[in-house]
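This report refers to the structure that appears directly beneath it.
Since every read-out is calculated from the coordinates, none of them should be taken as a lab result. Just so you know, these numbers come straight off a predicted model, no measurement behind them. We place every Cβ from the backbone using ideal geometry, glycine too, and count neighbours over all the protein chains shown.
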Amino acid sequence: MFIIGNLIIALANILDIVFTIYTFIVIIAAVLSWVNPDPYNPVVRFVYAVTEPLLRPIRRLLPLRLPVDISPLILLLLIYFLQRFLIPSLVELGYRIKGGIV
């Protein structure tokens, strides 16, 4: 069972890295929304292509039309929650499956 435990711990660590990278991409998207970047720039297109699928539903759920878009902030809070709740839970599950000390 230690192999499954190690697998879960490794997946939790990889997921933590993915969440951290995505956090930086969301911050870059928020900064890009303040300026008027070239929409044909490949970096800008990549950032928007990666962040818009998660930001768009948040924007639809926001009842108020504020002068500032707070959907990146809400997404960052969601990512922070997942990093503080999901990742430690997966690591603890992995250690329990291994039979080790958390």
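Points to keep in mind about this one:
- The residues neighbouring residue 5, those whose beta-carbon lies less than 14 Å from its own, together hold a net charge of +1 under the Lys/Arg +1, Asp/Glu -1 convention.
- When each of the peptides 64-75, 6-17, 87-98 is scored by how many other beta carbons lie within 10 Å of its residues on average, the order from highest to lowest is 87-98, 6-17, 64-75.
- Karplus-derived 3J(HN,Hα), 6.51/-1.76/1.60, for each residue of the stretch 52-68, Hz, glycine and proline x: 4, x, 9, 7, 4, x, 5, 4, 5, 7, 6, x, 9, 9, 8, x, 10
- Restricting the calculation to Cα atoms, the chain yields a radius of gyration followed by a Dmax of 17.6, 54 Å.
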